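The structure appears right after this line, and notes come after that.
The values are calculated or read from the model by the stated rules, or taken from the named source; none is laboratory data. Small disclaimer: the values here were computed from a predicted structure and weren't measured. All Cβ positions, even for glycine, are placed from backbone atoms using ideal geometry, and neighbour counts span all protein chains on display.
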Amino acid sequence: MNTAQNESHSDSTQQDATFGGTLNNNGIVQDIALAIYKYNIWVMLAGYTSLIISILLSLTIVALVVTWIGIWLGILLIRSAKSIKTAYTTGSIYDLEYAFSQLNLYFKITGIVSLIMLILGLFACVIGGAFYLSTN
């Protein structure tokens, strides 16, 4: 390789110390997808676990009201994991964007549900404390 080709090659390719690979213009989608694809089995496991637990909980009438959230979260994780795999194998930017949008929605829903549960938990503590003080 002559020096002109060597210089242009070094401009279009950068060493990535984090993942031990190289980033170039052609494979940037695959390089980004690889960061999540390495842990894809855990995303799938969390998705299927959430789905199965929610389906089992939906068999009880009391939990039927809230189990749809767990089912929805499980489906979001499974969709994201499948899209990450497709983005990694094909280099499709659309699949990568879809996977990130599914993860984005998963974390938004989880955050909102966690906040609601925290508020309800604090409210239950206040009511329980007031009831305890009123009986003594």
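Quick notes on this one:
- Taken over the stretch 78-94, the criterion of being touching a residue at least 24 places away in the same chain (Cβ under 8 Å) and in contact with a Ser or Thr (Cβ under 7 Å, 6 or more places away or on another chain) is satisfied by Ser92 alone.
For (1) assigned to a helix (DSSP H, G or I); (2) surrounded by fewer than 12 Cβ atoms within 10 Å (Cβ to Cβ); (3) at pLDDT below 90; (4) basic (Lys, Arg), each residue gets a yes or a no:
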{"residue": "Ser10", "(1), (2), (3), (4)": "yes, yes, yes, no"}
{"residue": "Gln14", "(1), (2), (3), (4)": "no, yes, yes, no"}
{"residue": "Thr22", "(1), (2), (3), (4)": "no, no, yes, no"}
{"residue": "Val29", "(1), (2), (3), (4)": "yes, no, yes, no"}
{"residue": "Ala35", "(1), (2), (3), (4)": "yes, no, yes, no"}
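- For the stretch 50-84, residues that are of a type in the set (Lys, Arg) and touching a helix residue (DSSP H, G or I) at 6+ places or on another chain (Cβ under 6 Å) total 1.
- The stretch 35-51 residues that are in contact (Cβ under 8 Å) with a residue 60 or more places away in the chain and more than 12 Å from Leu73 (Cα to Cα), paired with ones that are surrounded by 14 or more Cβ atoms within 10 Å (Cβ to Cβ) and of a type in the set (Val, Ile, Thr) (beta carbon under 8 Å, 6 or more apart): Ile36/Val43; Ile36/Ile84
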